[in-house]
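Participant: My questions will all concern the structure given below.
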Amino acid sequence: MKKIIIGIILLVQILFLIPVLFTKDFGTRQISSNVQQEENLVKEEKQDTSYNYGNYQTIKLLHTKTEEVEEVNLDTYLCHVVSAEMPVDFEEEALKAQAVVARTYTIYKITENAKKHQNADICDNSGCCQAWVSKEDRLARWGESLREENWKKIERAVYNTKGKIITYEGKPINAFFHSNSGGKTEIPVNVWGGSYPYLQAVETSRRRCIWSVLF
């Protein structure tokens, strides 16, 4: 009788331990899976922040007033462009859209007008290429208490869109942009005579539209 009781106790213990062992194994696999996912996310973030622009990592910027050519990192240049092209109090998503358009426009200018400025890729004149303002001049136009946060907002718009451009058939588009559409954009052929299939007339929800690409 005593042996039967001992056998029953051992059987109960075994039955109790089996699910514990399986649960422990599952938990270990789950933790391992979570760690792997976190490692993959870190890798993706590292890949994104180390985006390689290839030939466009740095650009040569012509300062039209001094005729000096400055070699500058592309995204650093774009911070100055975005701060010159769009008010900083616009929504951050609008600033990000402007950053993508400005980056696209810059690379298009470099690839399609390589000899326009001889030793430079692009100039700081909005009438010729794209608006640009120095950080010092931009900060001077903001209240002292707003300067640091405003500039950080510009930088976030540029660096959170790092590496992103607009393409058509694998090539950067000629990303025209404007501040006011008057309620509807216009197709380029009616303005300059050129034909761009990716730029079409669209109606806007408000008469005053945010700086945007004509498509």
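The values are calculated or read from the model by the stated rules, or taken from the named source; none is laboratory data. Keep in mind that this is a model prediction, so the values were computed, not measured. All Cβ positions, glycine included, derive from the backbone under ideal geometry; neighbour counts span all protein chains shown.
Participant: Only one residue in Val82, Val101, Val88 is in contact (Cβ under 8 Å) with a residue 24 or more places away in the chain and over 18 Å from Ile59 (Cβ atoms). Which one?
Facilitator: On inspection, the qualifying residue turns out to be Val88.
Participant: Can you give me the number of residues within the range 139-163 that are in contact with a Lys or Arg (Cβ under 8 Å, 6 or more places away or on another chain) and free of Cβ contacts under 8 Å to residues at least 40 places away in the same chain?
Facilitator: Adding up the residues that qualify gives 1.
Participant: How many residues does the range 172-193 contain that are loosely packed, with under 15 Cβ neighbours inside 10 Å and in contact (Cβ under 8 Å) with a residue 40 or more places away in the chain?
Facilitator: Total satisfying the criteria: 0.
Participant: Would you mention how many residues in the range 166-188 are farther than 20 Å from Ser126 by Cα, within 23 Å of the chain's Cα centre (by Cα), outside any loop (DSSP other than H, G, I, E, B) and not β-branched (Val, Ile, Thr)?
Facilitator: 2
Participant: Suppose we filter the range 104-132 for residues that are closer than 16 Å to His63 by Cβ and surrounded by fewer than 18 Cβ atoms within 10 Å (Cβ to Cβ); how many remain?
Facilitator: 8
Participant: Only one residue in Gly127, Gly163, Gly143 is under 20 Å from Lys65 (Cα atoms) and not in a helix (DSSP H, G or I). Which one?
Facilitator: Just one listed residue meets the conditions, Gly127.
Participant: Kindly list the number of the only condition in (1) closer than 29 Å to Lys65 by Cβ; (2) crowded, with 16+ Cβ neighbours inside 10 Å; (3) at pLDDT 85 or above that fails for Asp137.
Facilitator: So Asp137 meets the others, but not (2).
Participant: Would you check which residues across the range 91-115 are out of contact with any helix residue (DSSP H, G or I) (no Cβ under 8 Å at 6 or more places or on another chain) and over 15 Å from Asn160 (Cβ atoms) and list them? Before you say what the answer is, go through the steps one by one.
Facilitator: Of the residues in the range 91-115, the ones out of contact with any helix residue (DSSP H, G or I) (no Cβ under 8 Å at 6 or more places or on another chain) are 91, 93-94, 97, 100-101, 104-105, 108-109, 111-115.
If the condition is that a residue be out of contact with any helix residue (DSSP H, G or I) (no Cβ under 8 Å at 6 or more places or on another chain) and over 15 Å from Asn160 (Cβ atoms), then Thr104, Tyr105, Tyr108, Lys109, Thr111, Glu112, Asn113, Ala114, Lys115 are the ones that fit.
Participant: Hey, another quick one. Based on what the data block shows, is Lys96 out of contact with any Lys or Arg (no Cβ under 6 Å at 6 or more places or on another chain) and at pLDDT 95 or above?
Facilitator: On the way: out of contact with any Lys or Arg (no Cβ under 6 Å at 6 or more places or on another chain): yes; at pLDDT 95 or above: yes.
Judged against the criteria, Lys96 is a match.
Participant: Is it true that Gly143 is out of contact with any Asp or Glu (no Cβ under 7 Å at 6 or more places or on another chain) and modelled with pLDDT of 90 or more? Before the answer, list the steps.
Facilitator: Working: out of contact with any Asp or Glu (no Cβ under 7 Å at 6 or more places or on another chain): yes; modelled with pLDDT of 90 or more: yes.
Here the answer is yes, as Gly143 does meet what is asked.
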